[in-house]
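Enquirer: Let me begin by handing over the structure; questions about it come next.
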Amino acid sequence: MNITQLRTQFIAGTLTPTAYMEQVFSVIADKDTAVNAFLDTYKAEAIEQAKIATAQYAEQGALAPALLGIPVALKNNILLQGKKATASSKILENYIATYDATIVTRLKEAGAIIIGATNMDEFAMGGSTENSAFGPTKNPLDVTRVPGGSSGGSAAAVAMGAVPVAIGTDTGGSVRQPASYCGVVGFKPTYGAVSRYGLIAMGSSLDQAGPLTNTVADAELVHEIMSGLDPADATTIAEDTYPNVPVKETYTFGVPRSFFASGVDADVLAQFEAKLVELTAVGHTVVDIELPMFEAGLAAYYIVMPAEVSSNLARFDGIRYGLSAPGDNLLAVYENSRAAGFGAEVKRRILLGTYVLSSGYYDAYYGKAELVRTKMREELAEVFKTVDCIVTPTAPTPAFVVGAQSDPLSMYSQDIFTVPVNLTGVPALSVPMGTVERDGVPLPVGVQYIGPHGGDSRLFDIGKKTYDSTL
Ligand code: GLN
């Protein structure tokens, strides 16, 4: 059920938050042994809070807060006071959050009940949730396959019917790509729309938290509750920061076709073309556009992101947080703790990041990548003068088999359509666009709508018109 349906029933009294919460935990008990979406659940507290919500609905009815009694799962790089925040890393295995992230405070104020923590790629580095120190999550639609990543636990939790909404974080596609693989809706906001205070940082100039839901209307509701200026995060923006991006009756969609020239599975492309036909059939306009700089997006991302990772992860030194391995002197404590605490992908990115930031290579790599980023932004600004929205497949393939992408570069290529969005700071929405078959199993694939800066509401409008209306 989606949030709107749940709320209607909670208000009418045909279903109580308490009864629904029992269902949530029975779904988890039934399915999560095979899926492993959750690292932790908070059953006793959640049921207690559901009882309070039930009483509050009886008293307040439709005046109850917007998310009252709605169960929410949080990716485990989001701080929830008193609970483990591991980022699926051994180095934070026993780390307990000392405060709530701003988005958690806002969800709680709206009445949401946080029911558990979801699995992820370690420190959000990956696209399959196979990089978790606590075992991979499986795709609930086919447990031989990955759910995508890095917010794979959050996508799987929604797709398996455990929760109507789970929160993920998106640094290069980690909300949208798992949404595509699991057949749910995923939203990455305009950079700065949502506070990063209380999120374990990956790439600070790229990270944004976003919802994974069953409908676009639900994603919009949850985003609106989480977003807004936050004195604790100086990069947050006021709602009127960008020129008004109007919602329209019909839209002009731009398709960067040459960007798809290689690497997209033929049947995914066919689904995408069918989607474009649908858009024109209901009165929208679809035009070809060129975004030549976007082809350099993946390369620029895999320089900028590791640079920021190497800096952000310097704080995990065996002294201040989590795991501490003994050593003969301070340097040895740092080295031993980081050697024992970080997994292979995290180490690879720290090494890469340190390298591209080193004095001899800064100009050649990091400086160039930042230039590419500026060029991409300029290119986008030009394109958005003539189109309202850019449309691409969310990912070039459906969910792959666990273990199939053992080469890091082939894993990185899954991010080709999602990383330009983070590099430029614009918003993007992934919604299901049908299925393609692999080994006799129909697997979902997503379409990605990219808006101009501040175009979050426009994307929700497009999503509601083109997806929710078909449900
Ligand atoms: N798959 C991308 C990466 O590994 C995106 C990760 C993310 O958005 N957190 O960097």
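Enquirer: Give me a comma-separated list of calculated 3J(HN,Hα) values for segment 451-466, in order, Karplus coefficients 6.51, -1.76, 1.60 applied at θ = phi - 60°, integers in Hz, x for any Gly or Pro.
Expert: Couplings: x, x, 3, x, x, 4, 5, 4, 5, 4, 4, 4, x, 5, 5, 9 Hz.
Enquirer: Label 7 Å along Cα→Cβ of K84; segment 125-158 residues with amide nitrogen under 16 Å?
Expert: Those under the cut-off are 132-137, 153.
Enquirer: Can you compute the modelled spin-label distance between T470 and I52, with each label point 7 Å from Cα toward Cβ, in nm?
Expert: Those two pseudo-labels are separated by 4.1 nm.
Enquirer: Could you list which residues have their amide H under 5 Å from that of Q448, counting only those 5 or more apart in sequence or on another chain, with H placed in the peptide plane?
Expert: The answer is T392, T394.
Enquirer: Hey, with R₀ at 45 Å, roughly what FRET efficiency would R257 and V143 work out to, going by the Cβ-Cβ distance, to 0.05?
Expert: Efficiency, from the Cβ-Cβ distance: 0.80.
Enquirer: How charged is the neighbourhood of T236? Take every other residue with its Cβ under 10 Å from the Cβ of T236, and add Lys/Arg as +1 and Asp/Glu as -1.
Expert: Local net charge: -1.
Enquirer: Here's another thing I want to ask about it. Would you kindly work out the equivalent ellipsoid of the chain from its C-alpha gyration tensor and give its semi-axes, the square roots of five times the eigenvalues, largest first in whole Å?
Expert: Each semi-axis is √(5λ); the values are 30, 30, 21 Å.
Enquirer: Related question: Work out the FRET efficiency for D439 and E93 from their Cβ-Cβ distance, taking R0 = 25 Å, and round it to the nearest 0.05.
Expert: So the FRET efficiency works out to roughly 0.10.
Enquirer: Hey, another quick one. Going toward the positive end of the dipole of the chain, with +1 on Lys and Arg Cβ and -1 on Asp and Glu Cβ, which of A369, V184, A117 do you reach last?
Expert: Farthest towards the positive end: A117.
Enquirer: Related question: Could you tell me which of rounded, prolate or oblate describes segment 125-169, using a ≥ b ≥ c as the square roots of the eigenvalues of the alpha-carbon gyration tensor, with rounded for a/c under 1.5 and, failing that, prolate when a/b is larger than b/c and oblate otherwise?
Expert: oblate
Enquirer: Same structure again: Of K51/K465; K43/K90; K108/K347; K83/K138; K51/K90; K188/K385, which pairs sit farther than 29 Å apart, going by alpha carbon to alpha carbon?
Expert: K51/K465; K108/K347; K51/K90
Enquirer: Can you tell me how much longer the chain between V401 and T4 gets when fully stretched, taken as 0.36 nm per residue apart minus their C-alpha distance, in nm with one decimal?
Expert: Working: separation 397, 0.36 × 397 = 142.92 nm, distance 3.42 nm.
Taking 0.36 nm per residue and subtracting the Cα distance, the gain is 139.5 nm.
Enquirer: Give me the net charge for the shell around T144: Cβ to Cβ below 15 angstrom, other residues only, Lys and Arg +1, Asp and Glu -1.
Expert: -1
Enquirer: Take T235, project a point 7 Å from its Cα along the Cβ direction, then tell me which residues of segment 157-173 have their backbone nitrogen under 13 Å from it.
Expert: 170-172
Enquirer: Still on this structure, I have one more. If you take the square roots of the eigenvalues of the alpha-carbon gyration tensor of segment 1-65 and sort them as a ≥ b ≥ c, do you get rounded (a/c under 1.5), prolate (a/b over b/c) or oblate?
Expert: Values: a/c = 2.83, a/b = 1.94, b/c = 1.46.
It is prolate, given that a/c is not under 1.5 and a/b is the larger ratio.
Enquirer: With labels modelled as points extended 7 Å from the Cα through the Cβ direction, what inter-label distance (nm, one decimal) is found for V277 paired with S26?
Expert: Between V277 and S26, the label points sit 4.3 nm apart.
Enquirer: With the calculation restricted to Cα positions, what are the radius of gyration and Dmax of segment 3-238 in angstrom?
Expert: When restricted to the Cα atoms of segment 3-238, Rg and Dmax are 16.2, 47 Å.
Enquirer: So, one more: List the residues whose amide H sits under 5 Å from the amide H of T285, counting only those 5 or more places along or on another chain, with H placed 1.01 Å from N in the peptide plane.
Expert: Y251, T252, F253
Enquirer: What is the gain in length, in nm to one decimal, between L371 and E295 on full extension, counting 0.36 nm per residue of separation less the C-alpha to C-alpha distance? Don't skip to the end; give the middle numbers.
Expert: Values: separation 76, 0.36 × 76 = 27.36 nm, distance 1.40 nm.
Result: 26.0 nm gained on full extension.
Coordinate-derived values only; no laboratory data. Owing to the predicted nature of the structure, the values given are computational and were not obtained by experimental measurement. Here Cβ is always computed from backbone atoms with ideal geometry, including for glycine, and neighbour counts include all displayed protein chains.
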